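A short reminder: the numbers here are calculations on the coordinates, not readings from a lab. A quick note: this is a predicted structure, and the numbers were derived from the prediction, not measured. A quick note on method: Cβ atoms are made from the backbone with ideal geometry, for glycine too, and the neighbour counts reach across all protein chains shown.
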Amino acid sequence: MSDARPAPPLILYIDDDPGLGRLVQRSLRARGYHVELAVSGEEGLARARTGGVDLIALDHHMPDRTGLDLLPLLRNLPDAPPIIYVTGSEDSRVAVAALKAGAVDYVWKDLQGQFRELLGEAIDTALRQEALRRDKERAEAAVREARDRAELLLREVNHRVANSLTLVAALARMQTNAVADPAAKQALEEMQARISAIAGIHRRLYTSQDVEAVELDAYLAGLVEELQLAMKASGRDHAIRLQAEPIRLATDKAVSLGVVVTELVTNAYKYAYPSETQGEIRVRVMREGPDTLSLAVEDDGIGWTGEGEAKGTGLGSRIIRAMASNLRSVLTYAPGRIGTRAMLSFQT
């Protein structure tokens, strides 16, 4: 078991008065510090550049340059140690200039030599503050590293989920092609669209630097394009017009909104227009206020007010209610108009 003790902090005292330097050295050694002396600015700068110095005490008056001239050079060194400015000048502007230049503290020289005790106390305080600063930096670096690692893992999870959902959608498409029953084909096509709506979110998350939110306009543009291609392949060809503001939306809310859009657009494709009639479906996502979004999906077809018995199995209506509940909202229909206008407002 090792009994080695850590080396004492190394203090570099830069002062052109060697006698005073030895007094400071003796005083600081009594406090447990190791002290090296430099009798000029050039000598002090050269020693500081070699590294290993925990703190520098820098005198103001020196023959080759003042401490204020030397301060910026010392502060620009890699991993620069804290600097305490020592001055015999009674001009407070010198101390203020030293602090502005990067000194952590200053000590006035006096004829009685009390400044050595004050210097020791200033060094004690400065080293404690420097240790706290370095501990904080290490902790923040560890937090950043953990966050980056978590985001990387989350992107990888989103990548794998997107790939898995894409595979499931492909299997559903293969199954659709394999069945002859029209009702079964339609059910499989709708399930494929729902899976694709969720997979689109995960695709955007693993290609984005932000794994907590998605760009809603870009996501909906991709979703609408997939829906239009899928419906066209099934023999229903209606234009979808998208109007969406560039809004960042939390992932869970974007998933719920995407499923709602999928269900409403699918319903419009199936029921809005009579057979052999082409029409338009419009999707709008706009801000209603600083924290509120509104969704509207509308068409100019035969019309539906949300009242009466739902067409089909009613599964789509149940899914919409569930997703609206996730958004803490309720889907409503605008009355007294040609066609259908389904609306949803929710807090972002």
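A few remarks follow.
- Mean ellipticity per residue at 222 nm, deg cm²/dmol - from DSSP H runs of n ≥ 4 across the chain, formula -39500 (n - 2.57): -17000 deg cm²/dmol
- Cβ-based charge dipole, the chain, positive-most Cα from GLY339, GLY120, LEU55: GLY339
- In the elastic network of the chain, a GNM with C-alpha springs shorter than 10 Å, the most mobile of VAL261, VAL179, VAL224 is VAL179.
- Read-out Rg and Dmax of the Cα atoms in Å, derived from the coordinates shown; its label in (i) 19.8, 62; (ii) 36.0, 105; (iii) 21.3, 69: (ii)
- If you plug the beta carbon distance of GLN129 and GLN347 into 1/(1 + (r/R0)^6) with R0 = 56 Å, you get a FRET efficiency near 0.80.
- Annotation: amide H of VAL107 within the under-5 Å range of TYR85, VAL86, THR87, sequence separation 5 or more or interchain, hydrogens built in the peptide plane.
- About its Cα centre, the dipole of the chain is roughly 1040 debye, where the only charges are +1 on Lys and Arg Cβ and -1 on Asp and Glu Cβ.
- Projecting the Cα atoms of TYR271, TYR219, SER294 onto the charge dipole of region 207-302 (Cβ charges, centred on the Cα centre) puts TYR271 farthest toward the positive pole.
- Mean Cβ count within 10 Å, highest first, over the residues of peptides 98-109, 326-337, 243-254: 98-109, 243-254, 326-337
- Check: region 254-348 dipole with +1 on Lys, Arg Cβ and -1 on Asp, Glu Cβ, in debye: 240
- Restricting attention to the chain, close to 45% of DSSP beta bridges with both partner residues there are antiparallel.
- For region 75-230, the Cβ-based charge dipole about the Cα centre amounts to some 280 debye (Lys, Arg positive; Asp, Glu negative; other atoms uncharged).
- Taking every full run of DSSP H in the chain, the ones that stretch at least 20 Å from end to end by Cα along their long axis and average 0.5 or higher on the Kyte-Doolittle scale are 216-233, 251-267.
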